[in-house]
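Written below as structure tokens is the structure these notes are about.
Derivation of every value follows stated rules applied to the coordinates shown; laboratory data play no part. Quick caveat, the model's predicted, so the values are computed rather than measured. Cβ: placed from backbone, ideal geometry, glycine included. Neighbour counts: every protein chain shown.
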Amino acid sequence: MHEDEQNQCCDRGDATGQVVSCHLVVAALGRLTQEHRDVLRELYFRGSSVAQAAHALGIAPGTVKSRAYYALRALRLAIEELGDVE
Amino acid sequence: MTADPYARLDAAYLLGALDADERLAYEAHLATCRRCRASLAEISAIPPLLAGLDESVFAAPPEADPDASP
């Protein structure tokens, strides 16, 4: 039992109809590129608009949108792959 | 060659990042575009999975495999 990762772990329903632990989500995030994590942090965690995220990340608004598009798909894929392995 | 200007908006839409005009335009488009609806549906379950995570998991690359539990 490791204490160092997520302290509050919870199960959540998922895309594929299985239960996904936040452990798995964190591991899946670890498989993304930093650019993808950055855009998700801005848009999801910080609640930024596309314009705010573009400013914060120093990229064009169109890049924010397309990066978010690919980031969520990469995350979904990683979750599915890790979910299969578990 | 996909010229659909809305094709890449699903993630920003789901994450609530579009401005009002763009959001309304996207929603109007969704009503008429099956492909965009399908695309949105592909990832609509993902953002809720991020709820409650600490910001640090976005900033630093977490170890990919904390413990390979059986």
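List of remarks:
- Judged by the gyration tensor of its Cα atoms, with axes a ≥ b ≥ c, segment B:1-48 is oblate; a/c meets the 1.5 cut and b/c is at least as large as a/b.
- Average beta carbon contacts from partner chains per residue of A:32-41, 10 Å cutoff: 4
- Remark: segment B:1-48 carries a charge dipole of roughly 200 debye about the Cα centre, counting +1 on each Lys and Arg Cβ and -1 on each Asp and Glu Cβ.
- Taken along the Cα-to-beta-carbon direction at a fixed 7 Å, the label points for A:HIS55 and B:ARG34 span 4.2 nm.
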